[in-house]
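The values are calculated or read from the model by the stated rules, or taken from the named source; none is laboratory data. The structure displayed is predicted, hence computed values, not measured ones. When we count neighbours, we look across all protein chains shown, and the Cβ atoms used for this are built from the backbone with ideal geometry, even at glycine. Just the protein is used for accessible areas: all its heavy atoms, side chains included, with ligands, DNA and RNA removed. Shrake-Rupley method; radii C 1.70, N 1.55, O 1.52, S 1.80 Å.
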Amino acid sequence: MSTPPRLVPPLLRISPTAMETWTTCARKFLLRHLLGITPSDAGPPSDEGLRLHAVLRFVHDHGSCHDAAFVDETLVAHGCATDAMRVRMARHRDRCPSTADASRHEVERARYHHRPVPMFLATARIDAIWVHDGIFDVRDYKSGGLSPMELRDDIRAQVQAWVLAPRAAAMGARLRLRYEYLAPEIVEDPEVWEPDADDLDAVEERLRSEVEAIHGSDFTGVAEATVCARCQYRSVCSQSAAPGAPTWPVLGIEA
């Protein structure tokens, strides 16, 4: 008898997005992050968010978001001088430190967990890091989305904090996480989070526990209409509560 293929590698790579997917629907985690299946259904449009991130990086690399004339010139040059984009940039400016000892944009970091088992490699891509006033200030820009939860309870923020904590400690700075919700329909950002040593120990144990659960999972879908209706695999998932027509041909194989 042949041995069935191992779905979860011995060293699992996790990310903020992967862990959010896992805690939302194990079946989607299987399809997207373990099997790497191309989405069968269209997701929400991402062009505006990608453009916002690109403009923010350009502004910070070549000038200052506090320079209104430069920001407007940049928006015109990038073909996105819309009222909506100007509002997003203004909301960011109000949250951005005017001075910093150092800054980095679109940073990717990784951290390895070995013991106790299971092992995992956590990675996180960060939109911006500002070092100022003894603070390692981590920013994640959000161009839209649902009303935010408290960061200490958000597994995306937990992964980011755990990955970046050693870097902040090496610089002798206090780690701070902030999600900037720049769309006008989100009135307030969640409260900034400055995790202490106990918080980070609890996060590490939660991540280890979640990875352990992934290793033992049968990847049953959540089968809730409100969740499935937004899923990019809803048309090919046999457990979907919101089936539809896929945007790519189905080969007669159910997920």
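Things worth noting here:
- Selection status of HIS66, of a type outside the set (S, T, N, Q), in contact with a Cys (Cβ under 8 Å, 6 or more places away or on another chain) and surrounded by fewer than 15 Cβ atoms within 10 Å (Cβ to Cβ): yes
- Complete set of residues in region 12-60 that are open to solvent by 70 Å² or more (accessible area, probe 1.4 Å) and in contact with a strand residue (DSSP E or B) (Cβ under 6 Å, 6 or more places away or on another chain): ARG13, ARG57
- The residue of region 170-202 that is surrounded by the most Cβ atoms within 10 Å (Cβ to Cβ), among those that are hydrophobic (A, V, I, L, M, F, W, C) and under 15 Å from MET149 (Cβ atoms), is LEU177.
- Pairing each residue of region 20-31 that is under 14 Å from GLN158 (Cα atoms) with any residue that is open to solvent by 40 Å² or more (accessible area, probe 1.4 Å) and among the small types (Gly, Ala, Ser), provided the two are 6+ apart or on different chains, yields no C-beta distance under 6 Å.
- Exactly one residue out of VAL107, VAL117, VAL87, VAL76 is open to solvent by less than 20 Å² (accessible area, probe 1.4 Å) and either under 22 Å from the mean Cα position of the chain (by Cα) or on the phi < 0 side of the Ramachandran plot (or both): that is VAL107.
- Among the strands (runs of 3 or more DSSP E) confined to region 114-224, the ones with at least 2 residues that are in contact with a His (Cβ under 8 Å, 6 or more places away or on another chain) and either of a type in the set (Lys, Arg) or within 27 Å of MET89 (Cα to Cα) (or both) are located at 120-132.
- Of the residues screened, PRO166 is one that is open to solvent by 50 Å² or more (accessible area, probe 1.4 Å) and at pLDDT 95 or above.
- The number of residues in region 59-110 that are assigned to a loop (DSSP other than H, G, I, E, B) and of a type in the set (Gly, Ala, Ser) comes to 6.
- Among residues of region 98-124 that are without any contact (Cβ under 8 Å) to a residue 24 or more places away in the chain, those with a Cβ under 9 angstrom from a residue that is open to solvent by 90 Å² or more (accessible area, probe 1.4 Å) and in a strand (DSSP E or B), sequence gap 6+ or separate chain, pair up as VAL107/ARG125; GLU108/ARG125.
- Answer residue from region 225-241, given it is part of a helix (DSSP H, G or I) and loosely packed, with under 14 Cβ neighbours inside 10 Å and is nearest to the chain's Cα centre (by Cα) among those: THR226
- From the list ALA54, ALA26, the lone residue that is farther than 30 Å from ALA242 by Cα and among the small types (Gly, Ala, Ser) is ALA54.
- Scanning region 165-178 for residues that are touching a residue at least 40 places away in the same chain (Cβ under 8 Å) and under 14 Å from the mean Cα position of the chain (by Cα) yields a count of 1.
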